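The values are calculated or read from the model by the stated rules, or taken from the named source; none is laboratory data. Given the structure is predicted, the values throughout are model-derived calculations rather than measurements. Cβ atoms come from the backbone with ideal geometry, glycine included; neighbour counts cover every protein chain shown. Note: accessible area is taken over every heavy atom of the protein model, side chains too, but ligands, DNA and RNA are not part of it. Shrake-Rupley method; radii C 1.70, N 1.55, O 1.52, S 1.80 Å.
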Amino acid sequence: MSYEANAVKRWDRAAALVVVAGLVAGFAWFNWALDDQTRTVNGFVRLPPRSDIPLEIESPGTYTIWAGAGCNGLCDPPPAAEMYETMILGFHRDGSVVRPEPFPGEQSYRLNSTQHGYAAWVVHFDEPGTYVLERRNLGSGSATLLLGEGEGMPTRITPVLVTIGVLTVGIAGALLVIGRVRRKRALDAMVARIHGDR
């Protein structure tokens with residue numbers, strides 16, 4: 001009986017170790033991802049607030065236009081639907097214009113109370129060079145538009161945290177169940193032996 005009790009305790013200890021490992025992994029990921037996201041956001045290029053201002057695109061490829069908090073970070077950006085209806089954007093170069101498309105899906109960032117926003121558009125530049133911005137606001141609220149390389153945020157904090165949490169709970173729960181099942185089987189076998197001896 002003592003051996004079986006110790007066996008169950010071993011499974012319980014293993015489950016506790018998994019929980020601790022999950023907490024450590026979650027804490028480490030959050031801090032690393034937040035730092036990486038901070039570097040990414042700080043690398044965004046702020047788009048001019050009006051049209052006819054040149055903008056240098058150093059590398060071809062896909063970029064994301066982020067709608068950030070306006071009013072020096074004190075005003076939340078307007079909803080995406082409102083931005084699409086009331087904001088006209090374009091990048092002019094050599095007689096042609098590149099128009100951004102609505103961002104597929106939803107992504108956002110929040111570094112602090114003043115640095116927060118969401119992915120509003122994606123735009124693809126086939127060639128590097130100087131583009132002239134067209135930005136016409138037909139009535140949307142205050143927003144700071146930021147240009148970042150790539151589609152969306154390269155490091156997303158919440159999905160990985162959720163994955164770590166689900167795996168931690170799942171594995172720890174499985175270990176606890178295994179320990180209880182083994183103990184029950186051992187007790188059933190012991191009871192069967194006792195009845196058999198009679």
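Yes or no, residue by residue, for (1) closer than 14 Å to residue 64 by Cβ; (2) basic (Lys, Arg); (3) in a helix (DSSP H, G or I):
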site	(1), (2), (3)
104	yes, no, no
135	no, yes, no
139	no, no, no
158	no, no, yes
164	no, no, yes
174	no, no, yes
178	no, no, yes
183	no, yes, yes
query = Among the residues of region 105-116, is there at least one that is under 19 Å from residue 59 (Cβ atoms) and open to solvent by 70 Å² or more (accessible area, probe 1.4 Å)?
reply = no
query = Can you name the residue in region 41-93 that is out of contact with any strand residue (DSSP E or B) (no Cβ under 8 Å at 6 or more places or on another chain) and of a type in the set (Asp, Glu) and, of all such residues, is nearest to residue 112 (Cα to Cα)?
reply = 82
ask   = Any idea which of (1) among the β-branched types (Val, Ile, Thr); (2) assigned by the TED database to the domain that holds residue 144; (3) under 22 Å from the mean Cα position of the chain (by Cα) is the one residue 24 doesn't satisfy?
value = (2)
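For region 38-91, what are the residues that are assigned to a strand (DSSP E or B) and among the hydroxyl-bearing types (Ser, Thr, Tyr)? Break it down stepwise before answering.
Here is the first cut: in region 38-91, the ones assigned to a strand (DSSP E or B) are 45-46, 53-57, 61-70, 75, 87-91.
Once the filter is applied, which keeps residues that are assigned to a strand (DSSP E or B) and among the hydroxyl-bearing types (Ser, Thr, Tyr), region 38-91 yields 62, 63, 64.
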